[in-house]
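Colleague: Sending over a structure as C-alpha cells; questions will come in a sec.
The values are calculated or read from the model by the stated rules, or taken from the named source; none is laboratory data. A quick note: this is a predicted structure, and the numbers were derived from the prediction, not measured. Positions of Cβ are backbone-derived with ideal geometry, glycine not excepted, and every protein chain shown enters the neighbour counts. For accessibility, only protein heavy atoms count, side chains too; no ligands or nucleic acids. Shrake-Rupley method; radii C 1.70, N 1.55, O 1.52, S 1.80 Å.
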Amino acid sequence: MDLRSAIRDIPDFPEKGILFRDITPVLQDAELLRAALDQIAELAVKYEFDVVAGPESRGFLFGVPLAVRLGKGFVPIRKIGKLPYTTVKKSYDLEYGSATIEMHTDAVKPGQKVLVVDDLLATGGTARAIVELIEEAGAEVTASLFLIELSALEGRKALKGDIEAVITY
C-alpha cells in the first residue's frame, strides 16, 4: 500500500503559506487505513508501554485502534473545555497560532509508561505539550509515533526520547 501517494497536498490551508498534508484519502480507503495502522503498530511493538495517549481529533483516529489492537488503554488529550472531569492543561504554539490542551487528572498514574500517537509531527508544539502533561502527572513517555513527519519544521527538536514516523516529508 502506497500511503504517501494517497496523501493529498492542500496549499494555503488553513492559512496562506501552509501546505496541509490531507490524510482523508487514507481514512476513506479500508486497505490504506489498515496499512497505516499496521505500520504504526510495527513501530509501537518495539516499546514498553501501559497506555496510548493521543490528541483530538486525528490522534484519536490512530491511537484508539492501536490501543485496542495491542491490548492497552487510551488516554484522550482534548481541546480545552471538552473533558468532563477535573483536568490539567497546557498551552502551546502551533505552526499557525496557539492552543490549549487538557487531560484528566487521573488519566495516567505515576510510573506508568505512555506511548504518544498522532497523525502529524510539524513544529512539535502539540506533542511537546502532551509529553509535558504526562510527565507532570508522574508518568513517562516511552516514545512518540506519527503517521507523518514534516522534517523541515524540525519538530523533533521540541521533543525528547524516541520519535518515529511512518512517512517523512
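Colleague: Can you order the peptides 22-28, 9-15 by their average number of other Cβ atoms within 10 Å per residue, highest first? Numbers along the way, then the final one.
Modeller: Values: 22-28: 15.9, 9-15: 10.6.
Averaged packing, sorted descending, gives the order 22-28, 9-15.
Colleague: Now for a separate question. State whether segment 1-84 is rounded, prolate or oblate according to the following rule on the C-alpha gyration tensor (a ≥ b ≥ c being the square roots of its eigenvalues): a/c under 1.5 gives rounded; otherwise a/b larger than b/c gives prolate, and the remaining case gives oblate.
Modeller: oblate
Colleague: So for segment 96-169, averaging the separation of alpha carbon pairs under 8 Å that are six or more residues apart and normalising by length, what relative contact order in percent results?
Modeller: Relative contact order comes out at 33 percent.
Colleague: Sticking with this structure for a sec: Rg to Rh ratio, the chain, alpha-carbon atoms and Kirkwood radius?
Modeller: Result: Rg/Rh = 0.95.
Colleague: Of the candidates A158, A137, A53, which one comes out as most mobile in a Gaussian network treatment of the chain with C-alpha springs shorter than 10 Å?
Modeller: The residue that fluctuates most here is A158.
Colleague: Based on DSSP H assignment, which helices of the chain show an axial Cα extent of at least 20 Å together with a mean Kyte-Doolittle hydropathy greater than or equal to 0.5?
Modeller: Going by DSSP H runs, the hits are 30-44.
Colleague: Something else now. Would you calculate the convex hull of the Cα atoms in segment 6-52 and tell me its volume per residue in Å³?
Modeller: 108 Å³
Colleague: Over the chain, what is the relative contact order in whole percent, taking alpha-carbon pairs under 8 Å and six or more residues apart?
Modeller: Numbers: 337 pairs, mean separation 31.1, N = 169.
Contact order relative to length: 18 percent.
Colleague: So what is the accessible area of segment 1-70 per residue, in Å², with the probe set to 1.4 Å? The partial results should precede the final answer.
Modeller: On the way: 3860 Å² over 70 residues.
Ligands and nucleic acids excluded, the figure is 55 Å² per residue.
Colleague: Out of the total accessible area of the chain (probe 1.4 Å, heavy atoms of protein only), what percent is carbon and sulfur?
Modeller: Here it works out to 50 percent.
Colleague: To the nearest 20 Debye, how big is the dipole of segment 101-169 about its Cα centre, given +1 on the beta carbon of each Lys and Arg and -1 on that of each Asp and Glu?
Modeller: The calculation lands at about 160 debye.
Colleague: Using helices alone, I'd like the mean residue ellipticity at 222 nm for the chain: each DSSP H run of four-plus residues gives -39500 (n - 2.57), total over residue count, nearest 500. Working shown, then result.
Modeller: Working: 5 runs with 49 residues, N = 169.
Rounded to the nearest 500, the figure is -8500 deg cm²/dmol.
Colleague: What percent do you get for the relative contact order of segment 113-156 when only Cα pairs under 8 Å and 6+ apart count?
Modeller: Result for segment 113-156 is 59 percent.
Colleague: Report, please, the projected area of segment 62-146 averaged over directions, based on the convex hull of its C-alpha atoms, in nm².
Modeller: Working: hull surface 21.6 nm².
Mean projected area of the Cα convex hull: 5.4 nm².
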